Amino acid sequence: MEKAKSTIIDRIEEILISVLLGAATILVFAQVVARYVFNAGITWAPELVQHFFLWTVMIGASYGFKHGVHLGVDVLMKKLPETQRRIMALAAVVVSLFFTGYMAYLSFFYVHEAYKMELITVDLQIPQWIPHLALPFGFTLISIRLVQVFFWVYTGRMINVSTSGELDTEEIGDITEAYPPGHWTTEDEHVDKIKK
């Protein structure tokens, strides 16, 4: 897969994911310290962490589609010629796009109903529709990324829309040649070998 160029949207996604995940981690740590050291708790922290994770997951899923890092079973795909692989990838993207588009549609109504019913969160005491905006926002963002991925697969910039996390036989051979058993290396040495 050709390395995708980083855009403003990518940077915003990366920053939001990092900030939300970092804030959630700090809140969980503060909650543990408050509970076990001071025998008190931060009552609203668990709920806020849940909302942060919801936003992180939705934004992260979108980011993952662009970079092709979602896990997939590609045993059959690897055995197909490139043209058929591209057709299968396009079909997978279309099915995913219909699903995420439909979920964006349904989640809009879910948030709208929470707004109309004036539901509030238990601990934070804020309108429930505010943190749940992550659903229509996230599914819409994922749908936009899927349109992007469809275009890339169609034009040949991307072949696989997911990764299996497994190495091919020739990839294993390349690794054992570069790094025989018992060999250690630094990250800089590894980067130098890749560039060669």
| Only listed residue being in contact with a Phe, Trp or Tyr (Cβ under 6 Å, 6 or more places away or on another chain), aliphatic (A, V, I, L, M) and within 19 Å of L124 (Cα to Cα), chosen from A40, A34, A30, A24 | A24
| task | Scan the stretch 89-111 residue by residue and report those that are among the aliphatic types (A, V, I, L, M) and buried (at least 18 other Cβ atoms within 10 Å of the Cβ). | result | A89, A92, V93, L97, M103, A104, V111
| note | Of the listed residues (E47, E14), the one being part of a helix (DSSP H, G or I), under 14 Å from the mean Cα position of the chain (by Cα) and acidic (D, E) is E14
| query | Conditions: (1) at pLDDT 85 or above; (2) in contact with a strand residue (DSSP E or B) (Cβ under 9 Å, 6 or more places away or on another chain). G68 meets all but one. Number of the miss? | reply | (1)
| said: If I filter the stretch 69-82 for residues that are within 21 Å of the chain's Cα centre (by Cα) and part of a helix (DSSP H, G or I), do I get at least one hit? | reply: no
| remark: Residue pairs qualifying under the 7 Å Cβ cut-off, at least six apart or on distinct chains, with the first in the stretch 97-118 being in a helix (DSSP H, G or I) and the second being among the β-branched types (V, I, T), are L97/V147; T100/I142; A104/T140
| query | Given (1) under 29 Å from Q128 (Cα atoms); (2) under 22 Å from the mean Cα position of the chain (by Cα), where does V93 come up short, assuming only one miss? | reply | (1)
| said: Test of understanding: among A92, A40, which residue is among the hydrophobic types (A, V, I, L, M, F, W, C) and not in a helix (DSSP H, G or I)? | reply: A40
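The values are calculated or read from the model by the stated rules, or taken from the named source; none is laboratory data. Because the structure is predicted, anything quoted here is derived from the model rather than measured. For neighbour counting, all protein chains shown are included, and Cβ atoms are generated from backbone atoms with ideal geometry for every residue, glycine included.
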